Amino acid sequence: MQVLVLGAGQLARMMALAAAPLNIKTIAFDVNSEAIVEPLTQTKLGQGLEFAIEQADVITAEFEHVPHPVLDACQASGKLLPSAEAIKTGGDRRIEKALLDRAQVANAKYALIRNQDDFKAAIEYVGLPMVLKSTLGGYDGKGQWRLTSTQQVETTWLEMEACISAQDSQAIIAEEFVAFDREVSLVGARNSKGEIVVYPLAENVHTNGVLSLSTAIEDKALQGQAKQMFTAVAECLDYVGVLALEFFDVQGKLMVNEIAPRVHNSGHWTQQGAETCQFENHMRAVCGLPLGSTEMLRPTSMINILGEDCLPQTVLAMSQAHVHWYGKDKRPGRKMGHINVSGKDEADRKAQLEAITKLLDPKAYPALSQK
């Protein structure tokens, strides 16, 4: 069986690595160049979407911002999983918010802004402070504003207006500011039979809007809430594959912040910490294979490597630290790789994380000083 991944980045790379032992071959389609490549080596295998679709038994995606004509062509082939509708939901906050309302899961009060009159109405309806997010193209903190006082309204509108004007069909979602205790996320998988498995929740720490540290946690009360909300969203979409939901934890009550219709950064810990990693379960789901166990084998934290292209040899010498590089050229703030740090138990995981913190530059890994 051959799977075509829309997108040729690190998630396609890790899908290919997880799929190979199952005798699943993986190719990737670069949506910018329209080149078909081998995900690990980036060796060019062909050119053009039509040819790529012909080569595939199954088509999936590594990110949600796939051009709609590409998604529509793949959907028409009958090979795309999850569906174009599901992928588009993750790429447009308007569709995402409508889905969350339809699934009846808790999320922040919001309003849609297309012009200055909408902006004024949103301030009245949502209230201050508020968070403003572009409906298309925003990720890792990009395309977002925080409005805390009326003195910021004019300047904020000018920036938002430029954003709306720069892209066709662009708009802004205004959300009430949620005073949350922490952010957690749930990664799970659903197959075409409607069977669902979920991983333990992960607690996430961000730096400048980008995920820096993610740790698997055991919290039965939150886990139950999260699985119920995951199931509602997945069934609304008739979803097939791995799906991630990001939540705000507000005094023990969860609110959905975002969904991601794909394997997710906060699920990378599963490579060393779970019986079956998220990448393998995604490929199992879209290829019609039985879903693998999501049981946590050992407590694990994932550290994102941002803008760095080397690590001290002492990190590689740690027996419970596993480094995953993405083969990218160095660029400030870019996700270059990640480190999974595991322990025999929770106390050992904390000790291992403290040990690696002493080996890493605190300026490059500021989130570690918060734990």
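Annotations for the structure displayed:
- Yes/no for residue 81 being surrounded by 14 or more Cβ atoms within 10 Å (Cβ to Cβ), touching a Cys at 6+ places or on another chain (Cβ under 9 Å) and farther than 23 Å from residue 289 by Cα: no
- Test set (1) among the small types (Gly, Ala, Ser); (2) in contact with a Leu (Cβ under 9 Å, 6 or more places away or on another chain); (3) buried (at least 16 other Cβ atoms within 10 Å of the Cβ) - residue 292 fails condition number: (2)
- Matching residues in the range 110-161 - criterion: being surrounded by 16 or more Cβ atoms within 10 Å (Cβ to Cβ) and out of contact with any strand residue (DSSP E or B) (no Cβ under 7 Å at 6 or more places or on another chain): 123, 139, 157
- Only one of 253, 193, 220 that is of a type outside the set (A, V, I, L, M, F, W, C) and under 20 Å from residue 295 (Cα atoms): 220
- Test: residue in the range 201-212 that is buried (at least 19 other Cβ atoms within 10 Å of the Cβ), in the same structural domain as residue 272 (by TED's automatic domain parsing), within 17 Å of the chain's Cα centre (by Cα) and assigned to a loop (DSSP other than H, G, I, E, B): yes
- Extreme residue, farthest from residue 335 (Cα to Cα), among residues of the range 237-256 that are touching a Ser or Thr at 6+ places or on another chain (Cβ under 9 Å) and outside any loop (DSSP other than H, G, I, E, B): 237
- Within the range 41-54, the set of residues being assigned to a loop (DSSP other than H, G, I, E, B) and touching a strand residue (DSSP E or B) at 6+ places or on another chain (Cβ under 9 Å) comprises 42, 43, 48.
- From 319, 369, 342, residue being small (Gly, Ala, Ser), buried (at least 18 other Cβ atoms within 10 Å of the Cβ) and over 20 Å from the mean Cα position of the chain (by Cα): 342
- The combined condition, being under 20 Å from residue 263 (Cα atoms) and of a type outside the set (Ser, Thr, Tyr), is not fulfilled by residue 49.
- Qualifying residue in the range 93-109 (condition: part of a strand (DSSP E or B), buried (at least 17 other Cβ atoms within 10 Å of the Cβ), touching a residue at least 24 places away in the same chain (Cβ under 8 Å) and acidic (Asp, Glu)): no
- Hey, residue 52 closer than 30 Å to residue 271 by Cβ and surrounded by fewer than 20 Cβ atoms within 10 Å (Cβ to Cβ) or not: no
- Hey, residue 179 within 15 Å of residue 242 (Cβ to Cβ) and in contact (Cβ under 8 Å) with a residue 40 or more places away in the chain or not: no
- All of (1) aliphatic (A, V, I, L, M); (2) in contact with a helix residue (DSSP H, G or I) (Cβ under 9 Å, 6 or more places away or on another chain); (3) assigned to a helix (DSSP H, G or I) hold for residue 221 with one exception: (2).
- Pairs linking a residue in the range 255-269 that is within 18 Å of residue 6 (Cα to Cα) to a residue that is of a type in the set (D, E, K, R), with Cβ atoms under 8 Å and 6 or more positions apart or on different chains, are 260/64; 260/246; 261/64; 262/62; 262/64; 263/62; 265/335.
- Only one of the listed residues (268, 324, 338) is touching a His at 6+ places or on another chain (Cβ under 8 Å), closer than 27 Å to residue 83 by Cα and of a type outside the set (Lys, Arg). That residue is 268.
- Qualifying residues in the range 9-40 (those that are small (Gly, Ala, Ser) and in a loop (DSSP other than H, G, I, E, B)) - the one surrounded by the most Cβ atoms within 10 Å (Cβ to Cβ): 9
The values are calculated or read from the model by the stated rules, or taken from the named source; none is laboratory data. Worth saying up front: this structure is predicted, and the values here are computed from it rather than measured. Cβ sites come from the backbone with ideal geometry, for glycine too, and all protein chains shown count toward neighbours.
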